[in-house]
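Structure first, then comments.
The values are calculated or read from the model by the stated rules, or taken from the named source; none is laboratory data. The model shown is predicted, which means the values in this text are computed figures rather than measured ones. Ideal geometry is used to build each Cβ from the backbone, glycine not excepted, and the neighbour counts take in all protein chains shown. Remember, those area values only see protein heavy atoms, side chains included, never the ligands or the DNA or RNA. Shrake-Rupley method; radii C 1.70, N 1.55, O 1.52, S 1.80 Å.
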Amino acid sequence: GQFRMKIYERENFSGQMYELMDDCDSIMDRYRMSDCMSCHVMDGHWLMYEQPHYRGRMMYLRPGEYRNFMNMGMSSMRFMSMRRITDMC
């Protein structure tokens, strides 16, 4: 399957942007990015985690635009790692 997601430092797709096509265990280590406040999932299904190395609370994202995580009831969460969902049920 295909996996593609753009993550943005700020809400409404602003600030630094990086495109992911594989798992990222720490956006801080890989991109020197301290916040991910919006994203656009182009392909695949992903899990976003609040701590590096896929720890802490998580949120499932399907393809679509996520302009502001705070408006989604995620005000206290910061996403620091993300993983592709490769298993099919």
Read-out percent of Cα pairs over 18 Å apart, derived from the coordinates shown; its label in [x] 48; [y] 34; [z] 40: [y]
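Under the definition of Cα pairs under 8 Å and six or more residues apart, what whole-number percent is the relative contact order of the chain?
33 percent
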Positive-end extreme of charge dipole, the chain - chosen from L20, M5, M74 (charges on Cβ): M74
Whole-number accessible area per residue in Å² for the stretch 33-89, which is evaluated in the context of all protein chains at 1.4 Å: 58 Å²
For q = 0.16, 0.18, 0.24, 0.31 Å⁻¹, Debye-computed log10 I/I(0) when each Cα of the stretch 34-86 counts as one equal scatterer: -0.41, -0.52, -0.94, -1.40
Amide H within-cut-off set for I85, under 5 Å, with H built and near neighbours excluded: H45, W46, L47
Cβ-derived FRET efficiency at R0 22 Å, S75 paired with E19, nearest 0.05: 0.25
Magnitude of the charge dipole, the chain, Cβ model with Lys/Arg +1 and Asp/Glu -1, debye to 20: 120 debye
Between the stretch 7-21 and the stretch 47-89, the alpha-carbon center distance in angstrom: 14 Å
Charge context of R67, other residues only, Cβ under 11 angstrom, K/R +1, D/E -1: -1
The chain: calculated mean residue ellipticity at 222 nm from DSSP helix runs of at least 4, using -39500 (n - 2.57): -1000 deg cm²/dmol
Accessible carbon and sulfur surface of the stretch 28-89 relative to its total accessible area, %, 1.4 Å: 48 percent
